[in-house]
Amino acid sequence: MFYGLLSLFLRSQKMIVPEPSSILIVRLSSIGDIILTTPLVRAVRQKFPHAKISYLVKKEFAALVQNNPHINKVITFDKSGGKKELLRIKDRIKKEQFDWLVDLHNNLRTKYLKITIRFPEVSSYSKQSFRRHLLVWIGKNLLREAKPVYLKYFDAVSHHDIKYDGHGTEVIIPVKDLEMIINRLSADGLKEHQPLVVICPGASYTNKQWLPERFGEAAEALIHDLDAFIVLLGGPN
C-alpha cells in the first residue's frame, strides 16, 4: 500500500526535466517518414533555441534535412557499410556526448544505439506495430482513433511540453535548385498558376503499394477536374 500511495504522489507531481543542450534526432528512412519529422524538429528548436540539434539519417536521404535551418548538423549512415558502419556511427555519437536522444525510427539499428550508448535521456516513438499488422493481415482495425504519424512523433517529447505549431511539414530547397526545377517544368509546359501535382507511384513495402491503374485514374481525374500538371517521380523500381 505504501508503494501504491508513493506512486500516486509521484504521478501527481509535475516532473522537472532538465533542459538539454545537445540533442540527437534519429529517423534513418524513408522519404515520407523523414519529411513527417520536420514539424517536430521545428518545435524542438522553438522550445530549445540555444541547443545543438543533430539529425541522424541514411546517406541517400540526407538532402531532405541538410538545408533545414533548425538543424545544426546532419550525421549520415551508409547502410552498405554493414556492421562496421554501425560501429563507426556508435563511436561518433558517443564522442558527441548528446544529452537527449529522440528516436523517431525505433528499429533494430536505433535500439542497438540505445543499448550501447548511455544517453542521459532517451525518448522513443511507438510504432504500434502489432495493431498495424492486425489491420494489414487480418483486417482487424484497432487504429480508428490513431493520430497521424507526424503527431504521434510528438508523443515521444510530450514530457518537455513540446507541441505542434500547426504549420505543417517543410523541405528547404536551395534557391539554385528551385530555379532549376521551375525552368524545367516551364520548359515541359507548366503554365503560370496551373495546379502542380506530383505523384510517386510506388512504395518499398507491399502493404503500402497501390495498383498502377489507380494512379492513372487519379491523374486523369486531376487533369480533367483541375487542369492539373502531373509530374511522376520515382526510381527504377
request  = Pull out the extension gain between residue 230 and residue 176, defined as 0.36 nm times the separation in residues minus the alpha carbon to alpha carbon distance; nm, one decimal.
outcome  = 17.2 nm
message = Could you tell me the center-to-center distance, by alpha carbons, between the range 153-202 and the range 28-55 in angstrom?
response = 15
inquiry  = With θ taken as phi - 60° and the coefficients 6.51, -1.76 and 1.60, list the Karplus ³J(HN,Hα) couplings across the range 50-57 in order, rounded to whole Hz; mark glycine and proline as x.
reply    = 9, 6, 8, 10, 10, 9, 9, 8
key: With Cα atoms, 0 to 90° folded angle of helix 175-187 axis to the chain main axis   = 30
query = Given (1) 120; (2) 199; (3) 143, which label gives volume of the Cα convex hull per residue in Å³ as computed from the coordinates?
reply = (2)
query = If one takes the longest principal axis of the Cα atoms in the chain, at what angle in degrees, from 0 to 90 and to the nearest 10, does the Cα axis of helix 2-12 lie?
reply = 40
ask   = Using a Förster distance of 25 Å, how high is the FRET efficiency between residue 190 and residue 165, based on the Cβ-Cβ distance and rounded to 0.05?
value = 0.20
ask   = Which one of 168, 124, 28 is farthest out on the positive end of the charge dipole of the chain, using unit charges on Cβ (Lys, Arg +1; Asp, Glu -1) and the Cα centre as origin?
value = 124
task = Specify the longest stretch of the chain that does not include any exposed loop site, a site being one of the chymotrypsin sites (Phe, Trp or Tyr not before Pro) with a non-H, G, I, E, B DSSP assignment and at most 12 other Cβ atoms within 10 Å.
result = 1-204
task = Compute the acute angle (0 to 90°) between the alpha-carbon long axis of helix 82-96 and the principal axis of greatest extent of the alpha-carbon atoms of the chain; round to the nearest 10°.
result = 60
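At a 1.4 Å probe, what is the % contribution of carbon and sulfur to the accessible area of the chain? Could you put the intermediate results ahead of the total?
Details: 9010 of 15770 Å².
Carbon-and-sulfur percentage of accessible area, whole number: 57.
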inquiry  = Counting only helical runs of four or more DSSP H residues, what would the 222 nm mean residue ellipticity of the chain come to if each run contributes -39,500 (n - 2.57) and the total is spread over all its residues?
reply    = -12000 deg cm²/dmol
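The values are calculated or read from the model by the stated rules, or taken from the named source; none is laboratory data. No experiment lies behind these values; they were computed from the predicted model shown. Glycine gets a Cβ as well: all are built from the backbone with ideal geometry, and neighbour counts include every protein chain shown. For the accessible areas, the whole protein counts, side chains as well, though only heavy atoms, and no ligand, DNA or RNA atoms are used. Shrake-Rupley method; radii C 1.70, N 1.55, O 1.52, S 1.80 Å.
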